[in-house]
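As structure tokens, the structure follows; a few thoughts come after it.
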């Protein structure tokens, strides 16, 4: 059994993996507890139900993921370079996940959201909230690129929604077909949608 001090964290880690690699409906509280090494009584000590655990797990995962986006979309990086870095990070992330789990997993928010949106309103709201945060990073980069005259996108929010929808769609297709090859043109297609040319990679500083 997991120590009381880390039982909650074990449960959140377990549910994130089980939902992403499997499904929400197909995962039982017993399976979550078994995966986490936590007794069922401890589950109900921390959470009312599977949905409340899922909401807490999403919040926890977002807290871990957000610093990565902060670094990728840093204002010290050119706006188009931010977008390219984000595309390449998404591809590399899926490659690593397939190596770890043996299949393409796609976007966890899409995977869970498409399954529960008509059943669990609390979860639906949490997923929408996190997606909205993610969209703002793209919107800011696109607005900055337009200000720099790198692209023509006077309505940065609308353009960001198009790019965001494309990314989520191609990640979902990659999961459905279990095929990483579908992501090969992610960066190039993103820049086509932006009407932009891929920026040259910044030269790495030489160390003595």
Listed peptides 135-141, 90-96 by packing density, highest first (mean Cβ within 10 Å) | 135-141, 90-96
Which one, [x] -0.66; [y] -0.33; [z] -0.41, gives log10 I(q)/I(0) by the Debye sum over Cα atoms at q = 0.09 Å⁻¹ as derived from the coordinates shown?
-> [z]
P(r) tail for the range 1-95, what percent of Cα pairs lie past 24 Å?
-> 36 percent
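What is the diffusion coefficient of the range 127-185 in µm²/s, taking the Kirkwood radius over Cα pairs and the Stokes-Einstein relation at 10 °C with a viscosity of 1.306 mPa s?
Calculated translational D: 126 µm²/s.
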Theoretical gain in end-to-end length, residue 180 to residue 140 [0.36 nm per residue, Cα-Cα removed] | 11.6 nm
Would you mind pulling out the separation of the Cα centroids of the range 128-199 and the range 48-94, in Å?
-> 14 Å
Once label points are set 7 Å from the Cα along Cα→Cβ at both residue 28 and residue 158, what is their separation, rounded to one decimal in nm?
-> 5.1 nm
With axes computed from alpha carbons, what is the tilt in degrees of helix 50-72 against the longest principal axis of the chain, rounded to the nearest 10 within 0 to 90?
-> 30 degrees
What is the order of 175, 66, fewest Cβ neighbours within 10 Å to most?
-> 66, 175
Place a point 7 Å from the Cα of residue 68 in the direction of its beta carbon; the residues of the range 177-195 whose amide N falls under 16 Å from it are none
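Only the coordinates and a few stated rules stand behind these numbers; no lab work does. None of the values given here were measured: they were computed from a predicted structure. Cβ: placed from backbone, ideal geometry, glycine included. Neighbour counts: every protein chain shown.
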